[in-house]
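So the structure is just underneath, and the comments pick up after that.
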Ligand code: AMP
């Protein structure tokens, strides 16, 4: 496995390859959620490239960019064991090496699916995601790129960007990997104490309960959302700040009033000071 730090070396290395390239962009601190994407990429492609880059342009000022977990060495061990060919782990100065301040560089305005939800609670987040992902696509030129449904809105934003800008890459969405408790795996879970981590499973319980009520016949989105909000505030009180609980059309990401099989339940919270998102399908 080659661990590559510069764009030049990456380009030179990839130019030699003949065959399909599967690409998994990540911010590192890898867990089974990331690894499920890598395994899918390994199965589908001749070569697998994983990027590890904590992208400053998708963090809001004052949020957790500085404290985001960074574990490059152990990440590389995990990736090597899965048969990854290339890890691209550039420094910020390498990735954003043009001599202009970030604010005066080319920007990508994401499609309308970015407007609500994470787009509202984290200003410019998806602009930052689109910028780094398109730079990475231009560098890696993957055949297939793998993203988790954990970041459901991000998957929609990237799919729209690729379609709207005629980028020559297939976007492949993969299901959420959860802990046994139901908590969606996230690099940020490492911030919880053991007790907090167990308690955090209540987020999945709240979502599952809404889906169960829907199966029993409740289709009113407002009622189901209120049920989730009540469940979370009852359990966590002042330990939780709810960013949003929403039921949306899974293609447009617009809120719906009547739930059907195309609907998706999205939640974003700050729990014990840690930003978490999760989502569940109504099927
Ligand atoms: P991140 O390192 O958080 O930027 O995530 C990199 C990729 O891994 C994104 O496509 C995420 O959606 C995906 N991912 C993160 N957590 C999970 C999970 N629990 N299950 C599946 N995919 C995930």
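Here, each number is a calculation from the coordinates, and none is a lab measurement. Every value quoted in this text rests on a predicted model; they were computed, and no experiment measured them. Here the Cβ is made from the backbone with ideal geometry for all residues, glycine too, and neighbour counts use every protein chain on show.
A few comments on the model shown:
- Stokes-Einstein D for the chain, Kirkwood Rh over Cα pairs, 25 °C, 0.890 mPa s (µm²/s): 124 µm²/s
- Considering only beta bridges that DSSP places wholly inside segment 1-153, some 0 percent are antiparallel.
- Residue 124 paired with residue 74, simple spin-label distance in nm, labels 7 Å along Cα-to-beta-carbon: 3.3 nm
- Ranked packing of 187-194, 25-32, most packed first, by mean Cβ within 10 Å: 25-32, 187-194
- Label zone at residue 211 (point 7 Å along Cα-to-Cβ), backbone N below 16 Å, segment 147-176: 149-153, 174-176
- Based on the reciprocal of the average 1/r between different C-alpha atoms, the Kirkwood radius for segment 90-220 equals 17.4 Å.
- Rg and Dmax of segment 53-143, based on Cα coordinates, read 14.9, 41 Å.
- Distance from the C-alpha centroid of segment 236-283 to that of segment 71-128: 23 Å, rounded to the whole angstrom.
- Rounded, prolate or oblate (a/c below 1.5 giving rounded, otherwise prolate when a/b exceeds b/c) for segment 142-283 by Cα gyration tensor: oblate
- Multiplying the residue separation of residue 181 and residue 112 by 0.36 nm and removing their Cα-Cα distance gives an extension gain of 21.4 nm.
- For the chain, adding -39500 (n - 2.57) for each run of n ≥ 4 DSSP H residues and dividing by the number of residues yields -11000 deg cm²/dmol at 222 nm.
- Exposure proxy shown here: for 57, 252, the number of other Cβ atoms within 10 Å sets the order, fewest to most, as 252, 57.
- In nm, spacing of pseudo-spin labels at residue 65 and residue 195 (7 Å Cα→C-beta vector): 3.5 nm
- With the gyration tensor restricted to C-alpha atoms of segment 5-156, the semi-axes of the equivalent ellipsoid amount to 25, 18, 16 Å, longest first.
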